[in-house]
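To start, the structure under review is shown below, and the notes come after it.
Rule-based calculations on the coordinates, nothing more; no lab input. The structure presented is a predicted model; accordingly, all values stated were derived computationally and were not measured. As a convention, Cβ positions derive from the backbone with ideal geometry for all residues, glycine included, and neighbour counts pool all protein chains shown.
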Amino acid sequence: MTQAQRENFPPQLLDQLAAIRNAALADDYAYRQVAHLTENIGPRPSGSAQAKAAVDYVANALRELGLEVQLEEVKVPHWVRGAESAELTEYPQQAPDSKQKIVLTALGGSGSTPGDGITADVIVVNDFEQLKELGHAGVAGKIVLFNEIFDQQKAAAGLAFLAYGEAVRYRSAGPRFAAELGAAAALVRSVGNADYRLPHTGFSVPAGIPAGAVTAEDADLMAHLATQGKVRMHLTLTPQKLADATSYNVIADLKGSERPDQIVLLSGHLDSWDLGTGAIDDAAGVAIAMEAAEILERLRLRPKRTLRVVAWMDEENGGAGSQAYSKDHSLEFPRHIAALESDSGAAHPLGFDTKMLDSAIELLRPVQAVLQSIGANALQPSNYPPGADIAAMSEAGVPAFGVLQDGRTYFNYHHTAADTLDKIVPAELRENAAAMAVMGFALCSMKDPLPR
Ligand SMILES: [Zn+2]
């Protein structure tokens, strides 16, 4: 160890970190929180009664642990899913009196068709360039399908988030681009690995037209038929955008004994999409941040700096919660020593994605050693803020950590009806809680704040 490492991590602190790790590996607190959030409360989209129940539940649970809890108000969009169905009514060499069902779901922010739907020709494009070439004349009045294929090989090789980023831009920006060219509706191929004909929802920039995601299987079907001739679809999507709702970020402080003004923020997001119950995205993240506080209380370890647990609202449908926090707290960002978020599932943690100075990573080597026995010791430099809700803090210079999970199967379930409690392996969730709690307490207790 270097002199600085020894000064920051004396033997007693390293023993405490090892005790925290061991306590987490034998603790089912986080799992019980995920089970309550997903099974007793259920899906938690922004503005919903369940999101409100989740805020109250997490606030109470953290109060019971002895933390000082504030609910900080956030205005959130309130979008609710309606009817959703589609069928191909015309296609090459169709059998008499037959149709083909298309499995789809509305994207967050989608406009609505009339109650009895619309019928229009389908055009299939592989990228924005192709759509641009078709121009207004080729697109107006049609249903556009963006058929960008999620790169499963990248995901299998450990680059799932790269594959996601490549495909997801069609989900977020495609509908608006199609609307600008006069499209009647926009569809995207579902983003992800799921191969049980599951559609994948998610945020899409509101474009004023109906916008949905068809399953990968149905995208293939339409793409194949479209190469043979004309394809027409009857499409019904009737979501509604209601008035913005009042919701909250849950902010809970375990006050520091020496430097209560310095904050180490541990977080996940409380809202979820509505198709599943938001277990891996992101009840797990909230629960492991909660467990860090629970372990410190149980082991009677008082952090030197304030450990702040945050359950963010509205990560999924625009990020209103983190925007409100930035607005209310940006003057305190110089005193935010570090920000951590877990929002990449609950599979085995490999360590952390980090956005900070190399010298900060270097100083943390002794913490890596504590996490090595569970394989959660990677400190991987990232070019981007490693978490949507901590992005503004990261951009303001706060050292940022995102728990880096094994993401190979994350996009099998993410944003689909299959994001449910059974996808969480209790032993892996305990490893995640260990990684978050060890790093959180280390950052609270080391002698110096991380260099920035
Ligand atoms: Zn998420």
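Observations on the model:
- When you restrict to C-alpha pairs under 8 Å that are six or more residues apart and normalise by the size of the chain, the relative contact order lands at 24 percent.
- Shape class of the chain from the alpha-carbon gyration tensor: prolate, with a/c at 1.5 or above and a/b greater than b/c.
- Of the GluC sites (Glu not before Pro) found in segment 258-364, those in coil by DSSP whose Cβ has at most 15 other Cβ atoms within 10 Å are Glu258.
- Segment Asp116-Glu129, length gained on full extension (0.36 nm per residue, minus Cα span): 1.4 nm
- The dipole here belongs to segment 29-155: it is taken about the Cα centre, uses +1 on the Cβ of Lys and Arg and -1 on the Cβ of Asp and Glu, and is about 300 debye.
- Relative to the current alpha-carbon distance between Glu180 and Asp261, full extension at 0.36 nm per residue lengthens the span by 24.2 nm.
- Label-to-label distance for Ala53 and Leu299 is 3.4 nm, based on points extended 7 Å past Cα in the beta-carbon direction.
- Placing dummy labels 7 Å off each Cα toward the beta-carbon, the span from Asp28 to Gln380 is 3.1 nm.
- Alpha carbon centroid spacing (whole Å) that separates segment 168-184 from segment 46-92: 25
- Footprinting exposure proxy ranking of Lys101, Lys355, Lys75, fewest other C-beta atoms within 10 angstrom first, gives Lys101, Lys75, Lys355.
- Structural descriptor for segment 125-257: relative contact order 21 percent, calculated from alpha carbon pairs under 8 angstrom and at least 6 residues apart.
- Neighbour counts of C-beta atoms inside 10 Å place Glu133, Glu68 in the sequence Glu133, Glu68, starting with the fewest.
- ³J(HN,Hα) computed for each position of segment 127-133 - Karplus, 6.51 cos²θ - 1.76 cosθ + 1.60, integer Hz, glycine/proline x: 7, 4, 4, 4, 5, 4, 4
- Derived from the Cα gyration tensor, the three semi-axes of the equivalent ellipsoid of segment 80-162 are 26, 19, 17 Å, largest first.
- Rg/Rh (Cα only; Kirkwood hydrodynamic radius) as it applies to segment 299-452: 0.95
- Gain upon complete extension [Ala243, Gln323; 0.36 nm per residue less C-alpha separation]: 26.9 nm
- Computed per residue of the chain from DSSP H runs no shorter than four, each worth -39500 (n - 2.57), the mean residue ellipticity at 222 nm is -10500 deg cm²/dmol.
- Residues His224, His269, His415, sorted so that the one with the fewest Cβ neighbours within 10 Å comes first: His224, His269, His415
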